[in-house]
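Presented below is the structure to which this report refers.
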Ligand SMILES: *Cc1c(COP(=O)(O)O)cnc(C)c1O
């Protein structure tokens, strides 16, 4: 979190590995196996007929690998899974019907009654709501805001089985040393023959800009709805990990959870992946340009953009760091904090004055979006979570950044006039 951006920050990066670029473009696809079709076929089938009853029996015994039923495996979905696994440097990926289904798969697959979860940092709201839901099944949790290894270490209990991380987080954009937290989890060793598993929600960075498995994380989770899909036209999720960890989760949680991704949606993800490197480059530069405009604006108190504080480096140089920034960040409108209702009205006036930015949830598409977590009469509740009342979150799309800055300037002018009428 900073108030002023260095003028050269946007000239750094992003770095995208050439191998990743080729994976996204589809250079590893088996064209012969798909009759030369350059766009992979959509295999719209619920089941796969087996050559014999014997074969059916052995396929059912190995549903992790075999194609039996599309709730388990489907070639169009597997084509995307192979690519996401390759990008994350993992052995196995499973795509699901939403990011929340991915969260659900890891938590319900890894945990049982009596277990405990530690959430490091400000965590995606529905993930915490899901953890609350798990309380009725005897699974407790704690959220550790303002992460330091010491604070996380003291939150770990004997029965902690999952350490869940979001770095950067997606409202206040806190970052922390992921490898240090993973080490804490590993140092706990095993009790009951079980250790502390680590998971990181990597939706913000996309598989191109952060590789959590390189920091020793066990499970990488994605809302593929965001940058991987990239066009605001599909809801999907993904989990990546080793075969040893993913195979039990496949049986316990994926196959039984029933949140399989459909072949049509998998096809859209595959198309999204084709342009992921190009889009991420543009989100990186566009995001920095708008963040820098905001940093010098008198109505902005702070800009919360991970790239303004984190050291960006290529993964060749630092495999554990951030190699670029996506287009999602927040800033704090300079409200005066005396009359909270009046502050809310001014925030509302600012939001409603935006024309290019659409107002809406989600992010990662081609169009720029604005959202604010403030609600009338709820300033204290928001601040208790470490989020300023004047927080505005922007998802920078692919529009020319100058057009977006102009739009923000118009909204700041309205904001200024709304202050005068107090
Ligand atoms: C959107 C989001 C999710 C949930 O993904 P869905 O695809 O909406 O189910 C999880 N984590 C983060 C950080 C998100 O932004």
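Could you list, in sequence order, the residues of segment 105-130 that are modelled with pLDDT of 95 or more, in contact with a strand residue (DSSP E or B) (Cβ under 8 Å, 6 or more places away or on another chain) and within 13 Å of the ligand (Cβ to nearest atom)?
Residues satisfying the conditions are 105, 106, 107, 119, 123, 124, 127, 128.
Is it the case that segment 175-190 has a residue that's more than 16 Å from the ligand (Cβ to nearest atom), assigned to a loop (DSSP other than H, G, I, E, B) and within 30 Å of residue 20 (Cα to Cα)? I'd like the intermediate steps shown before the answer.
Applying the first criterion (more than 16 Å from the ligand (Cβ to nearest atom)) to segment 175-190 yields 177, 179-190.
Next, only the ones that are assigned to a loop (DSSP other than H, G, I, E, B) stay: 177, 188-190.
Filter once more, keeping what is within 30 Å of residue 20 (Cα to Cα): 177.
Yes, there is a match, as at least one residue in segment 175-190 is more than 16 Å from the ligand (Cβ to nearest atom), assigned to a loop (DSSP other than H, G, I, E, B) and within 30 Å of residue 20 (Cα to Cα).
Restrict the check to segment 241-254 and report whether at least one residue is in a loop (DSSP other than H, G, I, E, B), surrounded by fewer than 24 Cβ atoms within 10 Å (Cβ to Cβ) and either at pLDDT below 95 or within 16 Å of the ligand (Cβ to nearest atom) (or both).
So the first thing to find is which residues in segment 241-254 are in a loop (DSSP other than H, G, I, E, B), and the list is 242.
Okay, now just the ones that are also surrounded by fewer than 24 Cβ atoms within 10 Å (Cβ to Cβ), so 242.
Then drop every residue that is not either at pLDDT below 95 or within 16 Å of the ligand (Cβ to nearest atom) (or both), which leaves none.
No, because not a single residue in segment 241-254 is in a loop (DSSP other than H, G, I, E, B), surrounded by fewer than 24 Cβ atoms within 10 Å (Cβ to Cβ) and either at pLDDT below 95 or within 16 Å of the ligand (Cβ to nearest atom) (or both).
Looking at segment 84-98, which of its residues are assigned to a helix (DSSP H, G or I) and closer than 13 Å to residue 229 by Cβ?
Scanning segment 84-98 gives a single hit, 84.
Within segment 153-179, which residues are touching a residue at least 12 places away in the same chain (Cβ under 8 Å) and more than 20 Å from the chain's Cα centre (by Cα)? Give the derivation first.
The initial filter retains those residues of segment 153-179 that are touching a residue at least 12 places away in the same chain (Cβ under 8 Å), namely 153, 155-179.
Hits for segment 153-179 are 153, 155, 156, 157, 158, 159, 160, 161.
Residues 231, 222: which one is within 25 Å of residue 363 (Cβ to Cβ), within 15 Å of the ligand (Cβ to nearest atom) and assigned to a loop (DSSP other than H, G, I, E, B)?
On the way: 222 fails: assigned to a loop (DSSP other than H, G, I, E, B).
Being within 25 Å of residue 363 (Cβ to Cβ), within 15 Å of the ligand (Cβ to nearest atom) and assigned to a loop (DSSP other than H, G, I, E, B) holds for just one of 231, 222, which is 231.
Looking only at segment 50-68, decide whether some residue is within 16 Å of the ligand (Cβ to nearest atom) and either in a strand (DSSP E or B) or more than 19 Å from residue 246 (Cβ to Cβ) (or both).
Checked against the condition, which is being within 16 Å of the ligand (Cβ to nearest atom) and either in a strand (DSSP E or B) or more than 19 Å from residue 246 (Cβ to Cβ) (or both), segment 50-68 yields no hits at all.
Each row is one residue, and each column tells you yes or no for (1) without any contact (Cβ under 8 Å) to a residue 24 or more places away in the chain; (2) crowded, with 22+ Cβ neighbours inside 10 Å; (3) over 18 Å from residue 374 (Cβ atoms).
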site	(1), (2), (3)
307	no, yes, yes
314	no, no, yes
322	no, yes, yes
325	no, yes, yes
329	no, yes, no
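Has segment 140-150 got at least one residue that is away from the ligand (no atom under 16 Å from the Cβ), in contact with a helix residue (DSSP H, G or I) (Cβ under 6 Å, 6 or more places away or on another chain) and assigned to a loop (DSSP other than H, G, I, E, B)?
Within segment 140-150, not a single residue is away from the ligand (no atom under 16 Å from the Cβ), in contact with a helix residue (DSSP H, G or I) (Cβ under 6 Å, 6 or more places away or on another chain) and assigned to a loop (DSSP other than H, G, I, E, B).
Can you tell me which residue in segment 340-364 is farthest from residue 403 (Cα to Cα), limited to those that are part of a loop (DSSP other than H, G, I, E, B) and touching a helix residue (DSSP H, G or I) at 6+ places or on another chain (Cβ under 9 Å)?
Filtering segment 340-364 down to residues part of a loop (DSSP other than H, G, I, E, B) leaves 354-357, 360-364.
Filter again for touching a helix residue (DSSP H, G or I) at 6+ places or on another chain (Cβ under 9 Å), leaving 354-357, 364.
On the way: 354: 11, 355: 10, 356: 8, 357: 10, 364: 18 Å.
Per the criteria, the residue is 364.
Would you check if residue 101 is in contact (Cβ under 8 Å) with a residue 24 or more places away in the chain, part of a helix (DSSP H, G or I), buried (at least 21 other Cβ atoms within 10 Å of the Cβ) and within 16 Å of the ligand (Cβ to nearest atom)?
Values: in contact (Cβ under 8 Å) with a residue 24 or more places away in the chain: yes; part of a helix (DSSP H, G or I): yes; buried (at least 21 other Cβ atoms within 10 Å of the Cβ): yes; within 16 Å of the ligand (Cβ to nearest atom): yes.
Yes, satisfied.
The values are calculated or read from the model by the stated rules, or taken from the named source; none is laboratory data. All figures in this text were calculated on a predicted structure; none of them were measured in a lab. When we count neighbours, we look across all protein chains shown, and the Cβ atoms used for this are built from the backbone with ideal geometry, even at glycine.
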